[in-house]
1. Please compute how much accessible surface disappears when A pairs with B, both sides summed, using a 1.4 Å probe, and round it to the nearest 100 Å².
2. Determine which aspartates and glutamates satisfy two conditions relative to A:Lys86: a Cα distance under 18 Å, and not lying fewer than 8 residues away in the same chain.
3. When chain A is treated as a GNM, springs tying every alpha-carbon pair under 10 Å, which of A:Glu24, A:Glu15, A:Glu119 comes out with the largest mean-square fluctuation?
4. Tell me which residues come under 5 Å, amide H to amide H, from A:Arg130 once H is placed; ignore anything under 5 positions away on its chain.
5. Taking the Kirkwood radius as the inverse of the mean 1/r across Cα pairs, report the Rg/Rh of region A:1-154.
6. Per residue, how large is the accessible surface of chain B? Use a 1.4 angstrom probe and give square angstrom.
7. Placing the label point 7 Å from Cα along the Cα-to-Cβ direction, what are the distances from A:Arg59 to the equivalent spots in the other copies, shortest first, in nm to one decimal?
8. Quick check on chain B: helices-only [θ] at 222 nm, where DSSP H runs of length 4 and up contribute -39,500 (n - 2.57) each and the sum goes over total residues. Nearest 500, please.
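The values are calculated or read from the model by the stated rules, or taken from the named source; none is laboratory data. Every value quoted in this text rests on a predicted model; they were computed, and no experiment measured them. Glycine gets a Cβ as well: all are built from the backbone with ideal geometry, and neighbour counts include every protein chain shown. With ligands, DNA and RNA removed, areas are computed over all heavy atoms of the protein, side chains included. Shrake-Rupley method; radii C 1.70, N 1.55, O 1.52, S 1.80 Å.
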2 protein chains.
Amino acid sequence: MAKRKPQSRTECPVERSVDIIGDEWSLLLIRDAFDGLRRFGEFQKNLGVAKNILATRLRHLVAHGILEVVPASDGSAFHDYVLTPKGRDLFQVLVGLRQWGEHHCFQPNEARSVLVDTEQGRPVRAMEVRSESGRPLTSTDTVVKKVSEKKPRSKR
Amino acid sequence: MAKRKPQSRTECPVERSVDIIGDEWSLLLIRDAFDGLRRFGEFQKNLGVAKNILATRLRHLVAHGILEVVPASDGSAFHDYVLTPKGRDLFQVLVGLRQWGEHHCFQPNEARSVLVDTEQGRPVRAMEVRSESGRPLTSTDTVVKKVSEKKPRSKR
DNA sequence: CCAATTTGGTTTCAAAATGAAACCACCCGG
DNA sequence: CCGGGTGGTTTCATTTTGAAACCAAATTGG
């Protein structure tokens, strides 16, 4: 799981994210956590993943502060895995994957689950990337600016 | 690469997306394609990936309509790999990964690349999930609604 | 036009990751 | 205090990965 160059930390934020959560099981575990699954057995049953793999991935996500282990909500001596604030901040990533899948991975009339606003029960809007001034942007309107060093000290 | 249950197509759009692009190399290849890399050798040099793995992943992305093979832009007999419209629609996913990485995978003063609006040169806004009515939503404001079948026919 | 080099792969093989199954300790309910 | 459920770990066969060698077609230098 993400063993590439542990020495040279890349300056690309996409790559740092992908190194942590860029694998199938981690992403599906995070999806399930957003869906409210908490227990080892729930994840295992829902994903059909081998228990050793599941244990490895849960440890990985806990180690990276995406999930945390808390006392079970049912009062038993077991424990739950729940999203931390850092984990919940992956919401946009999961919504992005969902909306792309909705748009590109289904036949027009094929059944699919849909993310709705709890309050209104209506599907959420398509996410947009916007400039600082609020203008919607496509990928061709943007560019990655490399920052070699933090500004040593401002001259003024 | 995504060999899980090829028979039962899940109704979860997140899972369908993850089955296609939920691996480290695919996501990094897509990032590089957004950055304008086109040639086999460019990807290979930039990622440091083994050539057999790169060939497999490029074939996979082409097979799924995310990249396409086009005549080389330099007029040579080689060819380029470029994002299709379907591939460009992954922009929000990549921006989501980038913004999460920026926020959670760097020390405050650590050097990082940044995505800017080409026109203004200013960093893009944080992406937001919004309700149909425009209200910003967090994960706790939303729920996944399972849709078992397409509406057979409207009664009215 | 020919030789050398570059490009874009494929093949081969060892090492690593995955996954199924067996095993096991602890908790819980009766 | 017994039987089953929960949450793992261990073992081992299979699959995937990756490094390196190899190779054909295209390009470049002379």
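1. Result for this pair: about 7600 Å² buried.
2. A:Glu15, A:Asp19, A:Asp23, A:Asp32, A:Asp35, A:Glu68, B:Glu102, B:Glu128, B:Asp141
3. Result for chain A, Cα springs under 10 Å: A:Glu119 fluctuates most.
4. A:Leu137, B:Arg125
5. My calculation of the ratio gives 1.02.
6. Working: 8530 Å² over 156 residues.
With the other protein chains kept in place, chain B gives 55 Å² per residue.
7. Listed shortest first, these distances are 3.5 nm.
8. So the helix-based figure for chain B works out to -11000 deg cm²/dmol.
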